[in-house]
1. In the range 3-50, what residues are surrounded by fewer than 18 Cβ atoms within 10 Å (Cβ to Cβ), within 16 Å of Leu75 (Cβ to Cβ), at pLDDT 90 or above and in contact with a Gly (Cβ under 8 Å, 6 or more places away or on another chain)?
2. Among the strands (runs of 3 or more DSSP E) contained in the range 1-65, which hold 1 or more residues that are closer than 16 Å to Ile105 by Cβ and touching a residue at least 12 places away in the same chain (Cβ under 8 Å)?
3. Would you mind telling me which numbered condition in (1) at pLDDT 65 or above; (2) touching a helix residue (DSSP H, G or I) at 6+ places or on another chain (Cβ under 6 Å) Phe140 fails?
4. Tell me which residues, restricted to the range 75-92, are modelled with pLDDT of 85 or more and of a type in the set (A, V, I, L, M).
Amino acid sequence: MKQNAKITVIGCGPGGKDYLTPIAKNEAEKADILIGTKGLIDIFKNAEAEKIEIGYSEDKPGPDRIVELIKSGDLKGNIAFLCEGDSGLFSYARFLRERFGRKNIRIVPGISSVQFALARIGLEWDNVTIIKARDQTFKFSFEENHKKEKICVLVGGAALIPTVLPRGSGQDNYLICNGILFKCPLFLGLYRPF
């Protein structure tokens, strides 16, 4: 492995420069290469770094291809992976740690969509259960979770919402926060009535 890169995973908050922490902004501006979705890269459009939009096509490499490029030495220097929300909560952090080791990556936390949504509705985020709905096979069980004080289910898009909350499942007792600040839906929050 020819890896000659310093890898930082940066949490960019729920969207927009106002929700970036100062350290996240500084780390992104120091990077030689910024990797992320178009929306996140656009936050740093004036940065001098090379910008790589992550995706799953020839012109937008996926995470596995980017790891290959880092390990081969084709990508080197200060590399920053930009993540929506908090970099330690369902982001690239685990994926990169598993491939490069904990000592070879640095994690810069950001404001999570969970923090943002709960703050917006005036609730604290202690005692919250966070669940990740990975794909259409995910089913939220009201029976298993009805005694929990606060539950947040994170989804990757609006298409999963009917899967997570099928009609007639008791969802009327919960608040749904969808598409916090980004243009695409990122978040579905389920909360006990308040």
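1. Lys6, Asp32
2. Working: elements: 5-11, 33-36, 50-53.
By residue number, 5-11, 33-36.
3. (1)
4. Within the range 75-92, Leu75, Ile79, Ala80, Leu82 qualify.
The values are calculated or read from the model by the stated rules, or taken from the named source; none is laboratory data. Predicted model, so just to flag it, every value in this text is computed and none were measured. Positions of Cβ are backbone-derived with ideal geometry, glycine not excepted, and every protein chain shown enters the neighbour counts.
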